[in-house]
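To keep things clear, I will list the structure first and then write my remarks on it.
The values are calculated or read from the model by the stated rules, or taken from the named source; none is laboratory data. The shown structure was predicted, so the numbers you read here are calculated from the model rather than taken from an experiment. Methodologically, a virtual Cβ is constructed for each residue, glycine included, from the backbone with ideal geometry; neighbour enumeration extends over all protein chains shown.
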Amino acid sequence: MADLPGWGEGTAHADEDALMAGLAAIVGRTSAGIPRGIGDDAALLAPDLVWTVDAQVDGVHFRRDLSSPADVGWKALAVNLSDVAAMGAMPIAALVSIVIGDGDASSIEPIYTGLEVCSRLYDCPIVGGDVARGSGLALSISVLGRAPVDPPGRDGAQPGDVIAVTGTLGESAAGLAALLDPTLRDLPGADECIERHRRPHPRLVDGALLAPYAHAMMDVSDGLATDLPRLARRSGVALTIDLDALPMHDDVHAIARTLRRTPGVFAATGGEDYELVVALPAEAIAACGVPLTVIGRVEAGPVGVRFIGIGADEALRGWDHLA
Ligand SMILES: [Mg+2]
């Protein structure tokens, strides 16, 4: 390049998945000794060692008027731990990189206080990091974890498997809605939903229990409608998902209806649930020891996700990070 007029010259990809595929084409060569690289919730550095990274950016992933600095610190670690959980692993330790803008210096300690609470609860010590100056506040955390059994990726779903999910969906989205619209805060369950939005809990124990049974597993970070097509593509299978079967708390149902949203669609597109979604043989549901809700099935056929149930005709699109 003779001159450097603001850069460019790469492809501007249409969405996050296309961007990830483009970047994987540049850096995603397989290295000898690395069992699994790009494509799952975390990479596999050794048969039992998983490694993930995730960033939280001011104004994109959190808003200062909606979350405290301690909430931001908690969540930045928790979302990484959720990726570790999706590999059936337990955390070993984390590295924390924080970029601070003008006037942010006094926010760092409160952020770290939230980080530390999450770190202690989930036994993931913070062993190092970096503080840099930038144009705004952002946190990037990387977590190393150990997997007791061969981690299920996103690529192992088999025709005949059922699709099941831990916990309940839609609470985080309901909490965000209640934060944005104070008139919703009097509805039953709104406070619990807000708490879940601000401080999600990674399903580490469930992930470890599910790993021996799961043919495929991932965490629900962007909403089922965005996440499940990734699993379908990686596994090369057809998924049928019943929106009426999605596990939702009654209060979330009511909040969705107040928002004039179809509850099943609300639960499938809300995002930030940080539950685990698994493909596994039906017999494993009872054996695995984790409370699960069956929401669909895996079939041979055109690769992708077909939604059925109330609202399936609505456009189903989850959160896209580049949108
Ligand atoms: Mg994930």
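Against the criterion of being in contact (Cβ under 8 Å) with a residue 24 or more places away in the chain, among the hydrophobic types (A, V, I, L, M, F, W, C) and either within 16 Å of the ligand (Cβ to nearest atom) or farther than 30 Å from LEU243 by Cα (or both), LEU139 qualifies.
I'm checking my understanding of the structure. Among residues of the stretch 199-256 that are within 16 Å of the ligand (Cβ to nearest atom) and assigned to a strand (DSSP E or B), which one is nearest to ASP161 (Cα to Cα)? Residue satisfying both the conditions and the ranking: ALA216. With respect to the conditions (1) within 16 Å of the ligand (Cβ to nearest atom); (2) in contact (Cβ under 8 Å) with a residue 24 or more places away in the chain, GLU116 lacks only one, and its number is (1).
The single condition among (1) over 25 Å from ALA78 (Cα atoms); (2) buried (at least 17 other Cβ atoms within 10 Å of the Cβ); (3) among the charged types (D, E, K, R) that GLU275 does not satisfy is (1).
Only one of the numbered conditions (1) within 21 Å of LEU66 (Cα to Cα); (2) hydrophobic (A, V, I, L, M, F, W, C); (3) surrounded by fewer than 19 Cβ atoms within 10 Å (Cβ to Cβ) is not met by ILE255, and that is (3).
Each row is one residue, and each column tells you yes or no for (1) of a type in the set (D, E, K, R); (2) at pLDDT below 95; (3) farther than 26 Å from LEU276 by Cα.
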site	(1), (2), (3)
ALA14	no, yes, yes
ASP40	yes, yes, no
LEU45	no, yes, no
ARG64	yes, yes, yes
LYS75	yes, no, no
ALA78	no, no, no
SER82	no, no, no
SER97	no, no, yes
ASP104	yes, yes, yes
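Each residue in the stretch 78-120 was checked for being touching a Lys or Arg at 6+ places or on another chain (Cβ under 8 Å) and among the polar types (S, T, N, Q), and 1 pass. Listed here are the strands (runs of 3 or more DSSP E) enclosed by the stretch 76-179 that have at least 3 residues being in contact with a Cys (Cβ under 7 Å, 6 or more places away or on another chain): 90-100. SER107 meets each of the listed conditions (1) among the polar types (S, T, N, Q); (2) outside the structural domain of ILE255 (by TED's automatic domain parsing); (3) in contact with a His (Cβ under 8 Å, 6 or more places away or on another chain) apart from (3).
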